[in-house]
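The values are calculated or read from the model by the stated rules, or taken from the named source; none is laboratory data. In this text, all values refer to a predicted model and were calculated from it rather than measured experimentally. As a convention, Cβ positions derive from the backbone with ideal geometry for all residues, glycine included, and neighbour counts pool all protein chains shown. Heavy atoms of the whole protein, side chains included, go into the accessibility calculation; ligands, DNA and RNA do not. Shrake-Rupley method; radii C 1.70, N 1.55, O 1.52, S 1.80 Å.
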Amino acid sequence: VEGRVRLSKKVKNGLEFLKHKRLQRIKSESSSGTSYLINMMARSGGDALRISASCGIRLQGNAGSFSRSNDASCENDVFSKHKVDKFDTSDLEWTEKIPECPVYCPTKEEFEDPLVYLQKIAPEASRYGICKIVSPLVATVPAGVVLMKEKVGFKFSTRVQPFRLAEWDPDDKVTFFMSGINYTFRDFEKMANKVFGRRYYTAGCLSATYLEKEFWHEIAYGKTESVEYACDVEGSAFSSSPSDPLGSSKWNLEVLISRLSRLPKSTLRLLETAIPGVTDPMLYIGMLFSMFAWHVEDHYLYSINYHHCGASKTWYGIPGHAASKFEKVVKEHVYTNDILSADGEDGAFDVLLGKTTLFPPSILLKHDVSVYKAVQKPGEFVITFPRAYHAGFSHGKACFT
């Protein structure tokens with residue numbers, strides 16, 4: 001990507017070594033008879049989510065169907081909630097202490113060329129790791145119309161996310177797995193709206209401040225066992241209609257990513273095959289409290305995410321310059337020593353690469369790690385910068401590219 005920060009050889013080699021080691025272990029485990037669905041590509045605002053057999057999850061036939069073992073204690077481990085002392089969520093005042101990330105409101109003229117505009121704001125915005133851009137162009141063809149009419153027959157499956165905090169030791173790792181349900185966009189919308197209405201007795205939006213506290217209270221103490229999240233779905237919800245101002249602009253992510261892949265200074269042009277989420281955009285369709293875990297983009301790429309429609313989404317972002325400090329806090333205060341002793345010095349990073357680790361940012365605040373917040377609404381882009389760890393959750397039914 002043009003303008004990417006230059007990484008040291010040591011950092012590059014270290015990252016590749018960890019990924020290589022993890023792939024070797026996955027292959028080894030797979031050969032013992034357990035099937036895995038692994039997707040290692042970086043996704044913006046979503047995740048390649050690791051599927052573990054540690055709790056009896058088996059994938060049979062295809063990714064759209066699954067069965068769980070009859071081990072009652074194992075199922076209890078997946079969904080049951082218990083107090084996790086290291087993640088105290090009884091006092092949620094810390095949610096009001098996280099500063100907002102920069103928000104940019106370009107004019108149509110400034111918005112004309114994405115690469116020029118992003119390079120203009122990068123010196124300031126990159127210091128926060130994450131920023132928000134309010135689009136001056138409005139899509140005239142709704143995302144629902146795109147996914148129901150322009151993309152005839154479009155269906156997707158979701159991943160089930162156990163909605164609880166984990167101790168993050170070798171015997172208690174949260175895993176996300178395929179739901180086995182194929183949804184149309186409208187079917188998922190009906191399901192997500194029903195869940196929201198049953199909980200809050202309203203179809204309207206609630207304040208971001210209220211839902212942020214609700215999320216962290218519910219994940220620790222609430223009755224919600226799991227949520228569904230359609231992530232890493234190939235494609236986008238940008239309209240192909242030439243009369244749609246946003247879809248026909250250079251900010252259509254299908255157009256933008258294709259352009260990036262052809263730039264003379266872009267390393268993406270050297271790729272011989274397409275990589276979903278890197279050379280092609282991906283769709284994310286969420287519901288109330290569907291989440292994306294703490295992660296950094298593979299190879300420390302930038303990410304860009306557009307909110308098409310629905311409820312807001314809360315993001316937490318860490319500046320790239322604070323990444324080492326973030327990793328130190330995760331190793332010393334999130335994972336237990338058992339993980340480090342079992343998998344060596346790189347054990348914590350190996351688990352973090354699984355993209356199923358979610359913990360409250362209060363731990364980062366407590367240990368002086370800079371963290372910023374973005375509440376992304378429809379019509380807004382969120383950019384994350386190289387080596388900027390990020391995580392977050394949806395406030396209700398929503399669609400993103």
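Identify, please: which residue in the range 177-213 is of a type in the set (A, V, I, L, M) and over 16 Å from residue 228 (Cα atoms) and is, among those, least open to solvent (accessible area, probe 1.4 Å)?
211
Among 146, 174, which is touching a Pro at 6+ places or on another chain (Cβ under 7 Å), buried (at least 21 other Cβ atoms within 10 Å of the Cβ) and aliphatic (A, V, I, L, M)?
After applying the criteria, what remains is 174.
Applying the selection to the range 178-217, what residues are at positive phi and out of contact with any Phe, Trp or Tyr (no Cβ under 7 Å at 6 or more places or on another chain)?
Residue satisfying the conditions is 201 alone.
Please name all residue pairs, on different chains or six or more residues apart, with Cβ atoms under 6 Å, provided the first residue is in the range 350-370 and is open to solvent by 10 Å² or more (accessible area, probe 1.4 Å) and the second residue is part of a helix (DSSP H, G or I) and among the small types (Gly, Ala, Ser).
What qualifies is 370/322.
Show the residue pairs that are 6+ apart or on different chains and have beta-carbon atoms under 8 Å apart, the first residue being within the range 187-213 and in a helix (DSSP H, G or I), the second being open to solvent by 80 Å² or more (accessible area, probe 1.4 Å).
Correct list of pairs: 193/203; 196/203; 197/203; 209/96.
Return yes or no: is residue 359 touching a helix residue (DSSP H, G or I) at 6+ places or on another chain (Cβ under 7 Å) and in a helix (DSSP H, G or I)?
no
Give just the number: which of (1) of a type outside the set (Gly, Ala, Ser); (2) open to solvent by less than 30 Å² (accessible area, probe 1.4 Å); (3) modelled with pLDDT under 90; (4) more than 23 Å from residue 86 (Cα to Cα) does residue 288 not satisfy?
(3)
For the subset of the range 304-330 comprising residues that are open to solvent by 10 Å² or more (accessible area, probe 1.4 Å) and charged (D, E, K, R), which member is modelled with the highest pLDDT?
325
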